[in-house]
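The values are calculated or read from the model by the stated rules, or taken from the named source; none is laboratory data. This is a predicted model, so every value here is computed, not measured. Note that we place each Cβ from the backbone using ideal geometry, even for glycine, and neighbour counts take in every protein chain shown.
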Amino acid sequence: MKNNYDRIAGYYDVLSRMVYFRAQMKAQIDQLSAIPVNSTILIAGGGTGWILEEIARIHPSGLKITYVEISSKMLDISKKRDVKANTVTYIHSAMEDFKTTALYDVIITAFFFDNFAADSVGTVFNQLNGLLKSGGLWLFSDFYYTEKSGKVWQRLLLQAMYSFFSKISAVEAKSLINTEHLFEERLYSPLNTSFYYRRFIKSIIYRKPD
């Protein structure tokens with residue numbers, strides 16, 4: 001199964017911290033204060049679910065969260081998290097196969113789009129865009145690299161990551177696809193932009209137009 005992290009679910013977070021220390025976590029945590037009270041939230045590809053506990057630190061109740069994860073082992077770990085009095089619906093599915101009539105106040109995609117090849121990124125983006133309410137917030141974080149501004153060490157690290165994860169997790173992407181133009185084409189407004197790990201990680205809080 002493509003983009004499935006079952007084989008490394010138990011030590012994925014440890015691997016992340018060995019390479020990036022807490023930069024990946026901080027990029028996500030720093031965005032959470034933007035979540036409005038009593039929101040409905042869609043988390044796409046939530047991994048081991050540690051983010052649920054961080055959300056609950058800020059909002060211990062009142063949230064309705066839909067948690068979509070393709071890895072059954074990641075999902076099992078997520079279900080053990082302390083979500084306080086929030087309601088979490090766990091969905092075992094690839095995001096592109098997820099069907100719902102619901103609309104959400106907030107969408108979270110953390111290190112999610114880097115899994116997809118160029119021919120599928122747009123399709124997944126359009127699906128998620130259709131699930132976000134007008135005026136809703138999209139909390140985006142991912143690796144950041146461009147040929148113009150990127151460093152050699154960043155390019156080499158990306159190549160190593162994609163080589164590793166293509167073998168371990170059947171990640172379909174072979175290179176990092178820029179997604180910012182997709183938000184620009186849909187007239188999203190960037191409310192806050194932050195960089196981490198020597199500008200190799202970028203987080204953006206987007207607002208969907210009314």
remark   = Over region 26-52, the set of residues within 17 Å of the chain's Cα centre (by Cα), within 19 Å of R81 (Cβ to Cβ) and either at pLDDT below 95 or in a loop (DSSP other than H, G, I, E, B) (or both) is Q31, I35, G45, G46, G47, T48, G49
query = Residue check, K99 against (1) surrounded by 12 or more Cβ atoms within 10 Å (Cβ to Cβ); (2) without any contact (Cβ under 8 Å) to a residue 40 or more places away in the chain; (3) not in a strand (DSSP E or B), all met but one. Which one?
reply = (1)
query = So which residues in region 91-146 are farther than 20 Å from R186 by Cβ, of a type in the set (D, E) and within 16 Å of the chain's Cα centre (by Cα)?
reply = none
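Yes/no per residue for (1) aliphatic (A, V, I, L, M); (2) over 16 Å from the mean Cα position of the chain (by Cα):
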{"residue": "Q154", "(1), (2)": "no, yes"}
{"residue": "F164", "(1), (2)": "no, yes"}
{"residue": "T179", "(1), (2)": "no, no"}
{"residue": "L182", "(1), (2)": "yes, no"}
{"residue": "N192", "(1), (2)": "no, yes"}
{"residue": "I204", "(1), (2)": "yes, no"}
query = What tally of residues in region 125-150 results from selecting those that are within 18 Å of R207 (Cα to Cα), surrounded by 15 or more Cβ atoms within 10 Å (Cβ to Cβ) and not polar (S, T, N, Q)?
reply = 11
Strands (runs of 3 or more DSSP E) contained in region 121-210 and holding at least 2 residues among the aromatic types (F, W, Y) = 132-143, 189-196
message = Tell me yes or no: at least one residue of region 175-186 is within 19 Å of I35 (Cβ to Cβ) and without any contact (Cβ under 8 Å) to a residue 60 or more places away in the chain.
response = yes
